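Q: Can you read through this structure? Questions will come right after.
The values are calculated or read from the model by the stated rules, or taken from the named source; none is laboratory data. Fair warning: this is a prediction, and the values are worked out from it, not measured in the lab. Note that we place each Cβ from the backbone using ideal geometry, even for glycine, and neighbour counts take in every protein chain shown.
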Amino acid sequence: MSDTQTGHDVIVVGGSYAGMAAALQLVRAHRRVLVIDGGRRRNRAAAHAHGFLGQDGVDPTAIAATARLQLEAYPTLTWHDDEAVEAGGEHDDFHVETRGGHRHRGRRLLFATGVSDTLPPVEGLAERWGISVFACPYCHGYELGRGRIGVVATGPMSIHQAQLLPEWGTVTFLLNGALELDDVNAQELAGRGVAIESTPIARIDGHADVVLADGRRLPFAGLFTAPRNGPATPVAERMGCALVETPTGTQIQTDDAKQTRLRGVYACGDAARMPHTIALAVADGAWAGAQLHRSLVWPEA
C-alpha cells in the first residue's frame, strides 16, 4: 500500500453534493482538501433534479460535473477517484485507505458518503427506481401532472407518504402485506381521499403499471415508496462513529457542528441527516465545511 507523503487539512470521503459543498468552503479558506469518491451518486438514475434553487430541471449528473470542475480550479483541492475502505487515527492525525491501495493522511476527516437504499422486493421496482419510482414528492411529484400516484408500502413511514401525496395527484395506497392499518390511520387516509388496495403486488411493468396478484392492472403516472436506508459504506461505523435510528433506517450521529462522537471526525449530507434532497445535502455540506474550518483555526474550542 502506497502512503501519501503530504498530509491534508481535511479528507472528505464522498464527492457528491454534500462532500463538494463542504470542500468548497474549505478550499476557499486556502485549506488543503482531499476528496475521495467512488463515483456512485445515489441519484445517478434520475434524469432531472428538482427543488434545487437555480438548478431546477437540470440533469443531476451535469450539476455534479460542474461542481467538480469549479472545485478543481482551486489549487489546494486534490481529487482521488477511488473508494475508501478503512479509516483510522486520531485528532490531527487521521488516515484513509482506499480500494486502490493508497493511504492518505489528514488532520480532519469528513464522511459525506451518502446512503444506500433497500427497496421493497417487488419485481420490476428496482429497475424503475429514480425513473418512475421515487421517494421524495418534493423532488418528483410536480412532474406527475396531478395524475394517478401509487404508494408501495414498506412500513409505518409509508402512511405518512400516502397522507402527503394527495397534494400531487390521486393516490392509491398499495399495502402489499407490509403493514395493517388501524381505524385511525384508515380514517385519516380516507379523509385525504386516499384509496386503499390490500391485494398483493405481483410485479410492476410498463412505465409504472402495478399488476396485482389477482391479475388486475393499475396504471399510474408514478410510484412512491419509502426504502430503508443507511450509510453507503460501513467505514465510518467501523472507525467508531455511532449510528442512530431514523424513521427510514440509520444515519451517522453528529452534534450541531456536524462532528461525530470522535473528535476531529465529521459527517454530513444524507449519511448524517434527513430528509434527503440535493438542496438539503448542499446546505448541510456547506455548514460542515465551515465548522471544519473553525476547528482548524480554534482546535481547542
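Q: Does residue 44 satisfy the criteria of being surrounded by fewer than 20 Cβ atoms within 10 Å (Cβ to Cβ), among the charged types (D, E, K, R) and either part of a loop (DSSP other than H, G, I, E, B) or assigned by TED's automatic domain parsing to the domain that holds residue 291 (or both)?
A: yes
Q: Examine the stretch 62-83 for a residue that is outside any strand (DSSP E or B), farther than 22 Å from residue 232 by Cβ and of a type in the set (Phe, Trp, Tyr), and state whether such a residue exists.
A: yes
Q: So, one more: Among the candidates 286, 242, 236, single out the residue that is among the small types (Gly, Ala, Ser), in the same structural domain as residue 24 (by TED's automatic domain parsing) and under 30 Å from residue 48 (Cβ atoms).
A: Within the list 286, 242, 236, the selection yields 286.
Q: Still on this structure, I have one more. Please determine, by comparing only the residues of the stretch 127-153 that are aliphatic (A, V, I, L, M) and buried (at least 16 other Cβ atoms within 10 Å of the Cβ), which one is farthest from residue 61 (Cα to Cα).
A: So in the stretch 127-153, the residues aliphatic (A, V, I, L, M) come out as 131, 133, 135, 144, 149, 151-153.
Now restrict to residues that are buried (at least 16 other Cβ atoms within 10 Å of the Cβ): 133, 135, 144, 149, 151-153.
Numbers: 133: 19, 135: 19, 144: 22, 149: 26, 151: 27, 152: 27, 153: 29 Å.
Ranking the candidates gives 153 first.
Q: Report, by residue number, each residue of the stretch 25-47 that is under 22 Å from residue 232 (Cα atoms) and not basic (Lys, Arg).
A: 33, 34, 35, 36, 37, 38, 39, 43, 45, 46, 47
Q: Name the residue, out of 254, 250, that is within 15 Å of the chain's Cα centre (by Cα), hydroxyl-bearing (Ser, Thr, Tyr) and farther than 23 Å from residue 163 by Cβ.
A: Working: 254 fails: within 15 Å of the chain's Cα centre (by Cα).
Only one candidate qualifies: 250.
Q: Here is a further query. Any idea which of (1) at pLDDT 95 or above; (2) surrounded by fewer than 20 Cβ atoms within 10 Å (Cβ to Cβ) is the one residue 156 doesn't satisfy?
A: (1)
Q: Before we move on, is residue 178 among the hydrophobic types (A, V, I, L, M, F, W, C) and either over 28 Å from the mean Cα position of the chain (by Cα) or within 21 Å of residue 48 (Cα to Cα) (or both)?
A: Answer is no for this residue.
Q: Would you check if there is a residue in the stretch 112-129 being in a loop (DSSP other than H, G, I, E, B), out of contact with any Lys or Arg (no Cβ under 7 Å at 6 or more places or on another chain), closer than 19 Å to residue 235 by Cβ and of a type in the set (Ser, Thr, Tyr)?
A: yes
Q: Only one of these is of a type in the set (Asp, Glu) and either touching a helix residue (DSSP H, G or I) at 6+ places or on another chain (Cβ under 9 Å) or touching a residue at least 60 places away in the same chain (Cβ under 8 Å) (or both): 182, 209, 205, 214. Name it.
A: None of the other options fit; the residue is 205.
Q: Could you say which residue among 101, 57, 15 is touching a Phe, Trp or Tyr at 6+ places or on another chain (Cβ under 9 Å) and either without any contact (Cβ under 8 Å) to a residue 40 or more places away in the chain or not aliphatic (A, V, I, L, M) (or both)?
A: 15
Q: Only one of (1) at positive phi; (2) out of contact with any His (no Cβ under 6 Å at 6 or more places or on another chain); (3) touching a residue at least 40 places away in the same chain (Cβ under 8 Å) is not met by residue 264, so which one is it?
A: (2)
Q: Taking only the stretch 34-63 into account, find how many residues are under 16 Å from residue 114 (Cα atoms), modelled with pLDDT of 95 or more and aliphatic (A, V, I, L, M).
A: Count: 2.
Q: Which of the following residues is surrounded by fewer than 20 Cβ atoms within 10 Å (Cβ to Cβ) and outside the structural domain of residue 124 (by TED's automatic domain parsing): 261, 203, 273, 216?
A: 261
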